[in-house]
1. Taking N as the number of residues in segment 6-226, what is its Cα Rg relative to 2.2 N^0.38 Å?
2. Quick check: net charge around LEU31, other residues with Cβ under 14 Å of its Cβ, Lys/Arg +1 and Asp/Glu -1?
3. Does anything in segment 18-48 have its amide N under 17 Å from the 7 Å Cα→Cβ label point of GLU94, and if so which residues?
4. Round to the nearest 0.05 the FRET efficiency obtained for ILE213 and ASN121 when R0 = 22 Å and r is the Cβ-Cβ distance.
5. Taking R0 as 25 Å, what FRET efficiency do you get between LEU21 and TYR183 from their Cβ-Cβ distance, rounded to the nearest 0.05?
6. What order, most packed first, do the peptides 85-98, 206-219, 124-137 have when packing is the mean number of other Cβ atoms within 10 Å of each residue?
7. Compare ASP15, ASP32, ASP40 in a GNM of the chain, Cα atoms joined below 10 Å, and give the one with the largest fluctuation.
8. Tell me which chymotrypsin sites (Phe, Trp or Tyr not before Pro) from segment 138-188 have a DSSP coil assignment and no more than 10 other beta carbons within 10 Å of their own.
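Please treat every number below as a calculation from the coordinates, not as lab data. Keep in mind the model is a prediction, meaning the values are calculated, not measured. We place every Cβ from the backbone using ideal geometry, glycine too, and count neighbours over all the protein chains shown.
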Amino acid sequence: MEDKNLMIGIETSDDAAVYKLNEDTAMIQTLDFFTPIVDDPYTFGQIAAANALSDIYAMGGKPVVALNIVCFPNCLPIEILGQILNGGADKVLEAGAVVVGGHSVDDNEPKYGLSVTGIVNPNRILKNFGSLVGDVLILTKPLGTGIINTAIKGEIASKEAYEKAVRVMKTLNKYAGEIINKYDVTACTDITGFGLMGHSYEMAYASKVSFKIYKELIPYIEEVTNSYK
């Protein structure tokens with residue numbers, strides 16, 4: 001679909017859509033939810049919310065309003081859902097946004113996430129394209145959570161690996177976003193499901209440049225090389 005005020009759509013698989021409201025304000029819209037990746041309901045809520053909020057920061061924006069997305073089986077205690085929602089609400093509060101409701105459905109497997117609306121100056125939008133020759137790639141979080149998550153699901157993750165991965169996943173990109181907004185950044189993206197290679201490819205392809213990545217310089221969670229018990 002086309003609209004003269006739609007500044008970012010689906011063309012480059014960017015992190016969120018951006019719609020211009022006026023000369024000073026554009027609206028960022030995103031949605032993300034998934035199944036539990038840790039056993040603790042409150043922690044799962046925190047991780048899922050932080051993940052959804054990250055798309056707003058990846059566009060250079062500020063989260064404003066969030067809606068809960070809930071799939072939950074009626075065979076589990078409702079208190080578990082309450083803990084998940086509390087975890088999500090606390091992360092939204094930390095982001096400076098507000099939860100204004102949401103929607104739930106009965107499902108065989110729990111799923112949780114957020115639909116988030118943010119705002120950004122139309123002249124300060126960060127896109128996943130626009131990289132220039134000579135740019136330096138910066139990672140704001142260490143890699144490795146995907147591998148450790150697989151170990152967690154297989155119940156073979158060490159306590160140290162689990163704790164470090166959880167700490168990374170529930171840390172808001174708010175703080176990195178506040179720093180990068182002080183500088184002229186040519187392109188930005190949120191590295192999640194497609195990993196470093198997948199998201200690097202999207203950025204490079206859309207920018208019509210090549211990325212040179214030095215593996216010895218990539219920050220990663222140390223336990224990822226030996227994350228099992």
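1. Working: Rg = 17.7 Å, N = 221, 2.2 N^0.38 = 17.1 Å.
It is 1.04.
2. Details: positive: LYS111; negative: ASP14, ASP15, ASP32, ASP55, ASP190.
Local net charge: -4.
3. 37-48
4. On the way: r = 31 Å, r/R0 = 1.40.
It comes out at approximately 0.10.
5. Numbers: r = 25 Å, r/R0 = 1.01.
Using R0 = 25 Å, I get an efficiency of 0.50.
6. Values: 85-98: 19.3, 206-219: 11.1, 124-137: 15.6.
Order by mean packing, descending: 85-98, 124-137, 206-219.
7. Among ASP15, ASP32, ASP40, the largest mean-square fluctuation in the Gaussian network model of the chain belongs to ASP40.
8. Details: sites: TYR162, TYR175, TYR183; in loops: TYR183.
Here the sparse-neighbourhood loop sites are TYR183.
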